[in-house]
Amino acid sequence: MRNWRAKTAALAAVSALALSACGSDSDSDGNGGNGGSGDAAASEGSGLSGTVTGAGASFPDPLFQEWIAEYTQQVEPDVTINYQSVGSGAGVEQFIGQSVAFGSSEEYLDDEALEEAAGARDCSAVQFPVVFGAVVIAFNDEALDGLVLDAETIAKIYDREITNYNDPAIAGLNPDMDLPDQEILPVHRSDSSGTTFVFSNYLDKEVPAWSDTYGASKELEWADGTLGGDGNQGVAQGISQNPGALGYVNQSFALEAGLSVAHVVNADGEAVAPTLEATSAASEEAEVPENFQFTIDGIGGEGYPIAGTNWIFTYTCGYDEATTDILKGFWTWALESERADELANELGYAPLGDELTERVLAEVEKTNSEA
């Protein structure tokens with residue numbers, strides 16, 4: 001597992017640089033160029049320089065920090081990119097509030113949010129997916145690695161109808177596993193979270209009782225007897241530190257924390273481990289419309305059923321030339337570069353397929369197109 005080597009440096013610079021890349025207030029003096037979209041320009045760069053800051057989901061944060069480190073150290077050494085892992089809800093708020101150059105979320109901007117963004121900037125927002133990832137059900141007990149769960153059981157655990165690992169419903173799914181007589185402590189996100197949206201959207205589509213009580217949202221009213229944590233980091237910590245804890249996190253956070261994970265039953269009745277291959281299989285079943293507003297639902301075959309997408313948000317106006325070139329250059333590199341795909345695979349994220357990548361690259365080009 002790679003260290004998140006860029007994270008400390010990036011966050012240390014955020015407070016001083018957070019506004020430097022937004023709108024016409026940026027004082028970067030970049031001289032244009034395409035931002036080094038491929039790998040061939042590594043080490044020399046294109047002469048691009050400046051600073052941009054983005055904010056949003058913790059779901060892709062491990063990958064974004066690796067991408068940023070690679071891009072700013074090997075491709076465009078005069079560029080600084082700061083990404084604040086503040087949660088999807090806060091990222092959307094900061095994007096629409098124009099305190100950052102780009103936002104990030106696991107829930108796309110719906111028509112109402114797009115209208116709000118357009119009103120705030122007097123031009124349209126752009127949104128495009130950049131990576132797929134699995135939301136895993138994780139434990140701090142090695143003996144529970146590979147525990148089979150289905151949507152109804154997961155829903156009942158979070159609704160506190162199932163409170164012990166040896167509950168008959170769990171035992172029925174795991175006839176060959178010696179289940180502990182241990183109380184379950186469900187851990188959830190306490191902030192506005194795209195990971196919560198992916199998790200709750202899965203249960204909303206699969207379990208009518210969950211849909212009636214909780215629905216799908218970045219923020220939920222959780223049942224008593226559950227534990228909240230800020231960000232994927234906070235949930236992973238809550239799982240690690242509490243006996244009997246169970247929680248939902250992006251796969252890379254479970255890997256980093258050394259947590260055990262469940263195999264989740266998909267729409268075809270298959271109990272699937274959250275592998276990179278299973279996440280890729282799920283992403284390939286997604287129907288992606290022209291406006292990129294979609295969820296990954298009803299996954300069967302070899303696909304892992306709790307899979308999400310990360311979107312990036314920019315605007316069609318209001319950036320200076322250097323900020324525009326950095327935004328377009330960095331995200332084009334992240335989508336096209338073989339090295340970017342390698343980093344994604346190492347951390348358990350699934351890159352976009354070739355056809356979708358071509359569509360997304362055209363969308364990236366709309367950034368500042370109305371300037």
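Tell me the helices (runs of 4 or more DSSP H) entirely within the range 157-236 that contain at least 3 residues that are within 20 Å of Glu107 (Cβ to Cβ).
Here the list reads 194-206, 208-213.
Restricting attention to the range 242-259, which residues are open to solvent by 10 Å² or more (accessible area, probe 1.4 Å) and either without any contact (Cβ under 8 Å) to a residue 40 or more places away in the chain or within 21 Å of the chain's Cα centre (by Cα) (or both)?
Once the filter is applied, which keeps residues that are open to solvent by 10 Å² or more (accessible area, probe 1.4 Å) and either without any contact (Cβ under 8 Å) to a residue 40 or more places away in the chain or within 21 Å of the chain's Cα centre (by Cα) (or both), the range 242-259 yields Gln251, Leu255, Glu256, Ala257, Gly258, Leu259.
Out of Val131, Val126, which single residue is within 25 Å of the chain's Cα centre (by Cα) and within 24 Å of Glu302 (Cα to Cα)?
Val131 is the lone residue from the list that is within 25 Å of the chain's Cα centre (by Cα) and within 24 Å of Glu302 (Cα to Cα).
Looking only at the range 66-115, count every residue that is part of a loop (DSSP other than H, G, I, E, B), among the charged types (D, E, K, R) and open to solvent by less than 10 Å² (accessible area, probe 1.4 Å) and tell me the total.
Counting residues in the range 66-115 that are part of a loop (DSSP other than H, G, I, E, B), among the charged types (D, E, K, R) and open to solvent by less than 10 Å² (accessible area, probe 1.4 Å) gives 2.
Mind checking which residues of the range 277-331 are open to solvent by 40 Å² or more (accessible area, probe 1.4 Å) and part of a helix (DSSP H, G or I)?
Glu277, Glu284, Glu321, Lys328
A quick yes/no check of all residues on (1) closer than 30 Å to Ser99 by Cα; (2) more than 16 Å from the chain's Cα centre (by Cα):
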position: Gly228; (1), (2): yes, yes
position: Gln233; (1), (2): yes, no
position: Gly269; (1), (2): no, yes
position: Thr279; (1), (2): no, no
position: Val288; (1), (2): yes, yes
position: Asp297; (1), (2): no, yes
position: Asn310; (1), (2): yes, no
position: Tyr315; (1), (2): yes, yes
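Give me the residue from the range 260-272 that is open to solvent by 30 Å² or more (accessible area, probe 1.4 Å) and in a loop (DSSP other than H, G, I, E, B) and, out of that set, farthest from Glu206 (Cα to Cα).
Selected residue: Glu270.
State yes or no: is Ser192 open to solvent by 30 Å² or more (accessible area, probe 1.4 Å) and either in contact with an Asp or Glu (Cβ under 6 Å, 6 or more places away or on another chain) or touching a residue at least 24 places away in the same chain (Cβ under 8 Å) (or both)?
So Ser192 fails the test.
Among the residues of the range 49-62, how many are under 22 Å from Thr323 (Cβ atoms) and assigned to a helix (DSSP H, G or I)?
Selection size over the range 49-62: 1.
Yes or no: Ala138 among the hydrophobic types (A, V, I, L, M, F, W, C) and either touching a strand residue (DSSP E or B) at 6+ places or on another chain (Cβ under 8 Å) or modelled with pLDDT of 95 or more (or both)?
Spelling it out, Ala138 is indeed among the hydrophobic types (A, V, I, L, M, F, W, C) and either touching a strand residue (DSSP E or B) at 6+ places or on another chain (Cβ under 8 Å) or modelled with pLDDT of 95 or more (or both).
Residue check: is Asp159 under 18 Å from the mean Cα position of the chain (by Cα) and touching a residue at least 60 places away in the same chain (Cβ under 8 Å)?
Spelling it out, it is not the case that Asp159 is under 18 Å from the mean Cα position of the chain (by Cα) and touching a residue at least 60 places away in the same chain (Cβ under 8 Å).
It is to be established whether one or more residues within the range 208-228 are open to solvent by less than 50 Å² (accessible area, probe 1.4 Å), modelled with pLDDT under 95 and among the small types (Gly, Ala, Ser).
No, every residue in the range 208-228 fails to be open to solvent by less than 50 Å² (accessible area, probe 1.4 Å), modelled with pLDDT under 95 and among the small types (Gly, Ala, Ser).
Tell me the residue from Ala143, Ala138 that is among the hydrophobic types (A, V, I, L, M, F, W, C) and either at positive phi or open to solvent by 40 Å² or more (accessible area, probe 1.4 Å) (or both), please.
Ala143
The values are calculated or read from the model by the stated rules, or taken from the named source; none is laboratory data. As the structure is a prediction and not an experimental result, all values here were calculated from the model. So basically every Cβ, Gly included, is an ideal-geometry build from the backbone, and we count neighbours across all protein chains shown. These area figures cover heavy atoms from the full protein model, side chains too; ligands, DNA and RNA do not enter into them. Shrake-Rupley method; radii C 1.70, N 1.55, O 1.52, S 1.80 Å.
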